[in-house]
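The values are calculated or read from the model by the stated rules, or taken from the named source; none is laboratory data. In this text, all values refer to a predicted model and were calculated from it rather than measured experimentally. Ligands, DNA and RNA are stripped out before the accessible areas are found, and what is left, the full protein with its side chains, is counted by its heavy atoms. Shrake-Rupley method; radii C 1.70, N 1.55, O 1.52, S 1.80 Å.
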Amino acid sequence: MINFIHSDCLEVDQVDDVGLIITDPPYFVIPKGKITSKGKDDFTWDSFKDLDEFLSFTEKWFQKYYSMLNDDSFMYIFWS
């Protein structure tokens, strides 16, 4: 059975028998936003108070997802 979950990574409940996780988490590379051809984009999805807050967030979601993987599962992380 294939089950797609599209959600905030910290709001996903524990899932059993996970074979594959594909995630594209925030990068913390544009914390102050940038000017685009469409105007200023605040990049709120990539904004953290500081590096410690970003690392804490990253550790939290990674540990949560890692605990869901089976021994023969895969996790693909798209990162800048």
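Within the straight-line cut-off of under 17 Å between alpha carbons, the aspartates and glutamates reachable from Lys60 are Asp8, Glu11, Asp13, Asp24, Asp46, Asp50, Asp52, sequence neighbours fewer than 8 places apart in one chain being disregarded. Placing Tyr27, Tyr65, Tyr76 in order of accessible area, with the largest value first and a 1.4 Å probe, yields Tyr76, Tyr27, Tyr65. The accessible area of Leu20, taken with all protein chains in place and a 1.4 Å probe, comes to roughly 90 Å². In this view, the solvent-accessible surface of Lys64, computed with a 1.4 Å probe and all protein chains in place, comes to about 50 Å².
Give the ranking of Glu11, Glu59 by solvent-accessible surface, highest area first, calculated with a 1.4 Å probe. Present the calculation step by step, with values, prior to reporting the outcome.
On the way: Glu11 130, Glu59 105 Å².
In descending accessible area the options line up as Glu11, Glu59.
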